[in-house]
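The values are calculated or read from the model by the stated rules, or taken from the named source; none is laboratory data. As the structure is a computational prediction, the values presented were derived from the model and not from experiment. Neighbour counts are summed over all protein chains in view; Cβ atoms, including those assigned to glycine, are modelled from backbone coordinates with ideal geometry.
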Amino acid sequence: MAEISRVVVVGAGTMGSQIALQTALAGRYRVALVDSASVQLERARDQNGKLIARSVERGRVSDADGKAALARIEISADLEGAARDADLVVEAVFEDLDVKRDIFKRVDSVAPQQAILASNSSTIAISRLAEVTRRADRCCNMHFFHPVTVMQLCEVVRGPETSDATIEAAMEFVRGIGRIPVLLNKEVWGFIVNRILFAASEEALRLYEGGYATFGDIDTAVKKGLNWPMGPFELMDFSGLDIYVGAMEDRRKLGEGVAPPDVLKKKVAAGELGRKSGKGFYEYPGFKS
Ligand SMILES: NC(=O)c1ccc[n+]([C@@H]2O[C@H](COP(=O)([O-])OP(=O)(O)OC[C@H]3O[C@@H](n4cnc5c(N)ncnc54)[C@H](O)[C@@H]3O)[C@@H](O)[C@H]2O)c1
């Protein structure tokens, strides 16, 4: 498989903007960041500029390297134009199967034959996207974590038709941008991290709903006894309780997992979504958007 040098990131939101920045910081890739919304492209450029300024202030990157990384990211609304000479396309658009399938189809029709198509989806297995392309052997999941410039992990997932060469190139790329890849040999809901996170969160909710302990004490137990930086309730508030309910419902549709507990459903119905709404299990007066 040819060496990866030109990387196209599709979707300039929370994840895509930072995947592009992390790639550009490596210094050895040409990067294009594509979005259908020009306001998102402008926002990504602005936020990446601020992230670099902060990193320069803190001495994590030199002013020259920071500026060079920003300059290395070409922003574009033209997906087909950007993908035409791609070696790797990382899709990070909305978590919507149809939107993602449309991107995969369009990219497949113009990208060079050897190009790899990866999806950053948290829940959509690569086989559902690879099937609309003519290169299922060159498709994989590449699941980064938020915020990408801080979180080191990337879960690389092999679909039923993904080739060894694709997996090797994907793992090598993740290392090349200073991130740590782990490989899932088979598709499974939630990959590794979210399966373990949901198992712990569901147990924490059962203990709380059963009246065994307060959510505060459960968080303290997990932080002080397991050395987690955040307790499960803090983490649920941080990510959004609606996200948890949605993920649990989606998992049920696959015939596994448990139904969202009443306490979560009631909070979501009351608009208590966690940090983003100012209240979840805890209160966040300063965070209300
Ligand atoms: N946010 C997280 O914490 C997180 C973590 C890991 C993985 N993910 C996954 O990453 C993906 C993106 O999530 P996000 O939080 O960055 O979303 P986001 O809503 O912040 O950004 C999505 C971007 O996709 C763009 N987009 C939508 N349709 C498009 C199209 N047809 N062509 C080009 N651009 C299009 C939107 O304009 C938007 O800028 C999702 O699949 C999500 O599951 C998210």
### Query
From the set of residues in segment 278-289 that are among the small types (Gly, Ala, Ser) and modelled with pLDDT of 95 or more, which is farthest from Gly216 (Cα to Cα)?
Gly278
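Yes/no per residue for (1) farther than 22 Å from Leu117 by Cα; (2) in contact with a Leu (Cβ under 9 Å, 6 or more places away or on another chain):
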residue	(1), (2)
Val39	yes, no
Asp46	yes, no
Ala77	no, yes
Leu88	no, yes
Glu95	no, no
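Matching residues to (1) part of a loop (DSSP other than H, G, I, E, B); (2) within 26 Å of Glu95 (Cα to Cα):
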site	(1), (2)
Lys186	yes, yes
Arg195	no, yes
Lys223	no, no
Met236	no, yes
Met248	no, yes
Lys265	no, yes
### Message
If Leu207 satisfies all but one of (1) over 18 Å from Tyr282 (Cα atoms); (2) part of a helix (DSSP H, G or I), what's the number of the condition it fails?
### Response
(1)
### Query
over 22 Å from the mean Cα position of the chain (by Cα), within 20 Å of Gln152 (Cα to Cα), assigned by TED's automatic domain parsing to the domain that holds His146 and at pLDDT 95 or above, is that true of Val61?
yes
### Message
So the check is Cβ under 7 Å with 6+ separation or different chains; which pairs have a first residue in segment 172-188 that's at pLDDT below 95 and a second one that's buried (at least 17 other Cβ atoms within 10 Å of the Cβ)?
### Response
none
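For residues in segment 11-47 being of a type in the set (Ser, Thr, Tyr) and either modelled with pLDDT under 95 or assigned to a helix (DSSP H, G or I) (or both), which is nearest to the ligand (Cβ to nearest atom)?
First pass over segment 11-47, keeping only residues of a type in the set (Ser, Thr, Tyr): 14, 17, 23, 29, 36, 38.
Then drop every residue that is not either modelled with pLDDT under 95 or assigned to a helix (DSSP H, G or I) (or both), which leaves 14, 17, 23, 38.
On the way: Thr14: 4, Ser17: 8, Thr23: 15, Ser38: 9 Å.
By that ranking, first place goes to Thr14.
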### Task
Considering (1) surrounded by 13 or more Cβ atoms within 10 Å (Cβ to Cβ); (2) free of Cβ contacts under 8 Å to residues at least 12 places away in the same chain, say which one Val89 fails and leave the rest.
(2)
### Selection within segment 59-79 - surrounded by 14 or more Cβ atoms within 10 Å (Cβ to Cβ) and basic (Lys, Arg)
Lys67, Arg72
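Can you find even one residue in segment 137-149 that is assigned by TED's automatic domain parsing to the domain that holds Tyr29, in contact (Cβ under 8 Å) with a residue 60 or more places away in the chain and crowded, with 23+ Cβ neighbours inside 10 Å?
Taking every residue of segment 137-149 in turn, at least one turns out to be assigned by TED's automatic domain parsing to the domain that holds Tyr29, in contact (Cβ under 8 Å) with a residue 60 or more places away in the chain and crowded, with 23+ Cβ neighbours inside 10 Å.
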### Task
For segment 48-55, state whether one or more residues are closer than 17 Å to Ala92 by Cβ, of a type outside the set (D, E, K, R) and either within 16 Å of the ligand (Cβ to nearest atom) or assigned by TED's automatic domain parsing to the domain that holds Val10 (or both).
yes
### Task
Could you tell me which of the residues Leu79, Leu153, Leu97 is in contact (Cβ under 8 Å) with a residue 24 or more places away in the chain, touching a Pro at 6+ places or on another chain (Cβ under 9 Å) and within 15 Å of the ligand (Cβ to nearest atom)?
Leu153
